[in-house]
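Accompanying notes for the structure given below.
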Amino acid sequence: MPVTAQSIHPKGTMHSVLFVDDEPNILSSVQRILRKAPYNVLTANAPEYALEILEQRPVTLVVSDFRMPSMDGVTFLEKVHHISPDSICMLLTGFADTESAIRAINNGHIFRYLKKPIKESELLEALRSGIRQYELVMENRRLMELIQKQNTELKKFNHELEQIVQERTREITQQKIELENLYHQLDNSFTEMIRAFMTVIEMKNPTIGGHSRRVAALSRKLAEFMGLPDKEVRDIEVAALLHDIGKITLPDKLIQKTEAQMSEHEIMLLRAHPEIGASILSDIQSLHMVSKIVEAHHERFDGKGFPKKLQGGNIPFGARLIAVINHFDHLISQENIDKSHRFEIAKQFLESQSGKWFDRRIVQSFIKFIKSTKKNGKFLKEKPVEFNELQPGMIISRDIFTRSGLLLLGRDQVLNSSLIKRLFQYHLIDPIQEQIHVYAQSMKNS
Ligand SMILES: [Fe+2]
């Protein structure tokens, strides 16, 4: 165990100074000189006795005579160094002896060499220097010990910190994996739920199903074109898919009529479909915004719509966007108008109702979007496809008849894997008359 500053000189006590000389008058002269000095003065008339004292108590300073009968001062101070390595040693001699001085300094760890007869001022100054040296050594050691202790604590702290960081990183990575899994599960459940709703709509009325899918595809593209955030684009797409879900509660006959053919009561029933749709969806947390959009998809920008006569910015943005696409799809699907004119008529209607029925900004964006997609030749074009190219999600753009005249699938029917399988089975028995056509926008990457 290292000798500490505390063990050799307890704090708050006087420094002990030990004088060793075989001449009693030297010792008494020293005691006289130091009677008022702030030291605890100890004397020994023989080195053996001095060593015993050193074994028993801490001594800051040892001043030894050089020539003593039983042991010379250098040998004695070497032993002192072994017993009390922190004690400051001084050698006192009556004559100048270069050789002994060199030996003493090299072997005896001598701090200072004093000559006899020693003067009072010299002795006091030497003792002060010795004590200062001792205190500097002790302070230095204390600081070194403190630095070492702090380094050890710092290393320990760093190690613990590193472990904490590693542990946290592991936890965060694990949480991220779990969240991603959960997100995928939720996403799959969400997609399945929307698919289930769509199946219900298509079972009730395939025309509404086809219209909804076209409106959803176009609404998503317009929302993306307008730079909306991903979440909003998704809400708009889902709301567009489900915007007429409320109609599943209406009688089939009513759905097939135009408003002009309906009685007042029937119109009232029809106009309830946005609120019925919203109430079907409102209990599903993830469809909260979707249900708001569905509820407002027949509101008009000028406040003359239904069910709540909302106006301008009070209508959810998604509902304003779907209103434009919804009307556009109805207009370009009108069988009684020549196909080549439908697009221009739909565009003119949207422009004439801009700021009235529809949000002017959305109409302008839609016209811009149509121009850009027409340039690319993608907009509402149909494409002939082979059997092996048919994919779920594609929308049939022409009725499909067999050679014997049987209508297999009507226009706007959305394909799914079981329909594709059935088409193929029929085709083997009663071949399909003409090539199958689908809307280009319903094809992947269109
Ligand atoms: Fe509707």
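Quick notes
- Criterion (within 16 Å of the ligand (Cβ to nearest atom) and without any contact (Cβ under 8 Å) to a residue 24 or more places away in the chain) met by exactly one of GLU266, GLU275, GLU351, GLU299: GLU266
- Selection status of GLN150, modelled with pLDDT of 90 or more and outside the structural domain of GLU23 (by TED's automatic domain parsing): yes
- Flag for LYS304 being basic (Lys, Arg) and more than 23 Å from ALA217 (Cα to Cα): yes
So that you can scan it fast, the table gives a plain yes or no per residue for (1) crowded, with 16+ Cβ neighbours inside 10 Å; (2) β-branched (Val, Ile, Thr); (3) part of a helix (DSSP H, G or I):
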position	(1), (2), (3)
GLY313	no, no, yes
GLY318	yes, no, yes
ALA323	yes, no, yes
HIS327	yes, no, yes
ASN336	no, no, no
ARG342	yes, no, yes
LYS347	yes, no, yes
GLU351	no, no, yes
ILE367	no, yes, yes
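- Entirely in the range 152-270, the helices (runs of 4 or more DSSP H) that have 2 or more residues that are buried (at least 18 other Cβ atoms within 10 Å of the Cβ): 206-225, 230-242
- Identity of the residue in the range 16-39, hydroxyl-bearing (Ser, Thr, Tyr) and part of a strand (DSSP E or B), that ends up farthest from the chain's Cα centre (by Cα): TYR39
- Residue check, ILE337 farther than 21 Å from MET268 by Cα and at pLDDT below 90: yes
- Test for ILE248: is it closer than 30 Å to ILE367 by Cα, within 14 Å of the ligand (Cβ to nearest atom) and not charged (D, E, K, R): no
- Remark: PHE190 matches the filter, which requires a residue to be among the aromatic types (Phe, Trp, Tyr), in contact (Cβ under 8 Å) with a residue 40 or more places away in the chain and out of contact with any Cys (no Cβ under 8 Å at 6 or more places or on another chain).
Listed here are the residues, each with its yes/no results for (1) more than 16 Å from SER291 (Cβ to Cβ); (2) in contact (Cβ under 8 Å) with a residue 60 or more places away in the chain; (3) within 16 Å of the ligand (Cβ to nearest atom).
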| site | (1), (2), (3) |
| --- | --- |
| ARG168 | yes, no, no |
| GLU180 | yes, no, no |
| HIS184 | yes, no, no |
| ILE208 | yes, no, yes |
| HIS211 | yes, yes, yes |
| GLY227 | yes, no, no |
| ASP230 | yes, no, no |
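- Residues of the range 79-102 that are modelled with pLDDT under 90 and surrounded by fewer than 16 Cβ atoms within 10 Å (Cβ to Cβ): GLY94, PHE95, ALA96, ASP97, THR98, GLU99, ILE102.
The values are calculated or read from the model by the stated rules, or taken from the named source; none is laboratory data. Only a predicted model underlies this, so the values are computations on that prediction, with no experimental measurement involved. Don't worry about glycine lacking a Cβ; one is built from the backbone with ideal geometry, like all the others, and counts go over all protein chains shown.
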